[in-house]
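Shown next, in structure tokens, is the structure this report addresses.
The values are calculated or read from the model by the stated rules, or taken from the named source; none is laboratory data. Please read these numbers as outputs of a predicted model, since none were measured by experiment. Every residue, glycine as well, gets a Cβ built from its backbone with ideal geometry; the counts of neighbours run over all protein chains shown. Surface accessibility is based on the protein's heavy atoms, side chains included, excluding ligands, DNA and RNA. Shrake-Rupley method; radii C 1.70, N 1.55, O 1.52, S 1.80 Å.
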Amino acid sequence: MPPAPNRAFASDNAAGAHPSVIEAVLEANTGHALAYGADDQTAECEQRFNDTFGAPVVTRVCFNGTGANIAGLATAMGALRGPHHAIVCTNWSHIAADETGAPERVLGTKLIELPSPDAKITPTMLDSVAHLQGVQHHVQPGVVSITQPTELGTLYSPDEVSALCARAHDMGMLVHLDGARIANATAALGGDLAALRSFTIDAGVDVMSFGGTKNGALGAEAVIFLRPELAEGSEFVRKQVTQLPSKMRYLSAQLNALLRDDLWIDLGAHSNAMAARLDELVRDIVGVELDGRPQVNSLFPRLRREAIGPLRDWCFFWDWDATVNQVRWMTAWDTTEQDVERFAAGLRSLLTELDSDCRAS
Ligand SMILES: Cc1ncc(COP(=O)(O)O)c(C=O)c1O
């Protein structure tokens, strides 16, 4: 086996921070600055998000992705004025599957999980909750939350988001978008600000989270209220849900570094390209089964069972669905061509070895 590319495919959360982000934090580390967002970096960050979306949006900087989801959803639920509203999402959604019940605990809100094979919600799927509306025995569908790209690495087209928003709004619901990997989606759908806007603000999304952490930040996310009137009270809600950073300048500086010259899109494009390259190099290997081409920065191959343990010991990655020998390989902003080539070569040599052992026995 070649030397292992150290944990290069474990997760984009396992990647380090981009040098520009580190530099920006060092630059922000001068003297005293007023706390809780009254600093120059945060003012710059708010302006940068206005420019990014081409409209006066309301930006609330947060510590992490789970917190940004909670802060955005809590404000959106508040805007509907009533604790009897529920959030509609898919069974794959991070808020339902990977946030330890935070929305239920912190918001006191029921999640209605729609089963979805590709982790997407269609307007027709929303019909399945329409019968709840107006009936006093049922929670009222208040917000639909989608993830872009989804937890399965699939993408909504701008038209699909527009159609979903139109249906949700007709039903009196708001639309939340979990954009923990927004850079990967933006890069895949056109790679510029017009692409970002086409599936967010122009499509009718009301509130979203904008992820920095998985894309080169040390740790910084933002809730963006694309319809500013829905942001009323959001500063209080963010504090209540423990997402108000006192030394906000350091988080804002990280986001500024990513937003400057659209570095965030370049980093997303790079990590998508590395996933596409990995797919190209491993797709023909016997013992590796892949469905469609990766749309963003993750692959979900099914592997010959005996290969999983040794391969993971050599270069770590997570299981996805152990019952079908499915694993997840994820690239990041700093994955190199060499990492990809080494990993593919290691995989090929391991599977060839297993194959010849099998023939010999
Ligand atoms: C789609 C999605 N949303 C939100 C999050 C939450 O991010 P954090 O771990 O920073 O809370 C993640 C993290 O993996 C994610 O994949």
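For V286 and S128, what does the FRET efficiency come to when R0 = 56 Å and r is the distance between their Cβ atoms, rounded to the nearest 0.05? Walk me through the intermediate numbers first.
Working: r = 41 Å, r/R0 = 0.74.
Efficiency, rounded to the nearest 0.05: 0.85.
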Quiz item: Given DSSP loops and a limit of at most 15 other Cβ atoms within 10 Å, what is the longest stretch of the chain that contains no such chymotrypsin sites (Phe, Trp or Tyr not before Pro)?
Solution: 37-315
Quiz prompt | Placed amide H near T90: partners under 5 Å, 5+ positions off or other chain | solution = L114
Practice problem: Determine the principal axes of the Cα atoms in the stretch 19-261, then give the extent along each, sorted from largest to smallest and rounded to whole angstroms. | Solution: 57, 37, 30
Quiz item: Please state the relative contact order of the stretch 19-261 as a whole percent: Cα pairs under 8 Å, 6+ residues apart?
Solution: 33 percent
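Would you compute, from DSSP H runs of 4+ residues alone, the mean residue ellipticity of the chain at 222 nm, taking -39500 (n - 2.57) per run and dividing by the full residue count, rounded to the nearest 500? It would help to have the intermediate numbers written out before the result.
On the way: 13 runs with 150 residues, N = 361.
Helices in the chain give a 222 nm mean residue ellipticity of -13000 deg cm²/dmol.
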Self-check item: Principal-axis tilt of helix 40-53 within the chain, Cα atoms, nearest 10 degrees
Solution: 80 degrees
Quiz item: Taking θ as phi - 60°, what are the ³J(HN,Hα) couplings along the stretch 163-175 by the Karplus curve (6.51, -1.76, 1.60), each to the nearest whole Hz, with x for Gly and Pro?
Solution: 5, 5, 4, 4, 5, 4, 5, 4, 8, x, 9, 9, 10
Practice problem: Would you kindly derive the ³J(HN,Hα) couplings of the stretch 89-97 from the backbone phi angles with the Karplus curve 6.51 cos²θ - 1.76 cosθ + 1.60 (θ = phi - 60°), listing them in order in whole Hz, with x for Gly and Pro? | Solution: 8, 9, 5, 8, 4, 4, 5, 8, 9
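For the chain, give the percent of accessible area contributed by carbon and sulfur heavy atoms, probe 1.4 Å, rounded to a whole number.
Values: 7950 of 15450 Å².
Whole-percent figure for carbon plus sulfur exposure: 51.
Quick check for me: using +1 on Lys/Arg Cβ and -1 on Asp/Glu Cβ, what's the dipole size of the chain about its Cα centre, in debye to the nearest 20?
The dipole magnitude comes to about 640 debye.
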Quiz item: Which of the trypsin sites (Lys or Arg not before Pro) found in the stretch 258-339 are in a DSSP loop and have at most 16 neighbouring Cβ atoms, other than their own, within 10 Å?
Solution: R283
Quiz item: How far, in degrees from 0 to 90, does helix 305-314 lean away from the longest principal axis of the Cα atoms of the chain, to the nearest 10?
Solution: 80 degrees
Practice problem: Would you mind checking the tilt of helix 248-259 against the longest principal axis of the Cα atoms of the chain, expressed as 0 to 90 degrees and rounded to 10? | Solution: 60 degrees
Practice problem: Would you mind checking which residues have amide H under 5 Å from H85's amide H? H placed 1.01 Å from N; only 5 or more apart, or other chain. | Solution: Q140
Self-check item: Per residue, in Å², the accessible surface of the chain once ligands and nucleic acids are set aside, probe 1.4 Å
Solution: 43 Å²
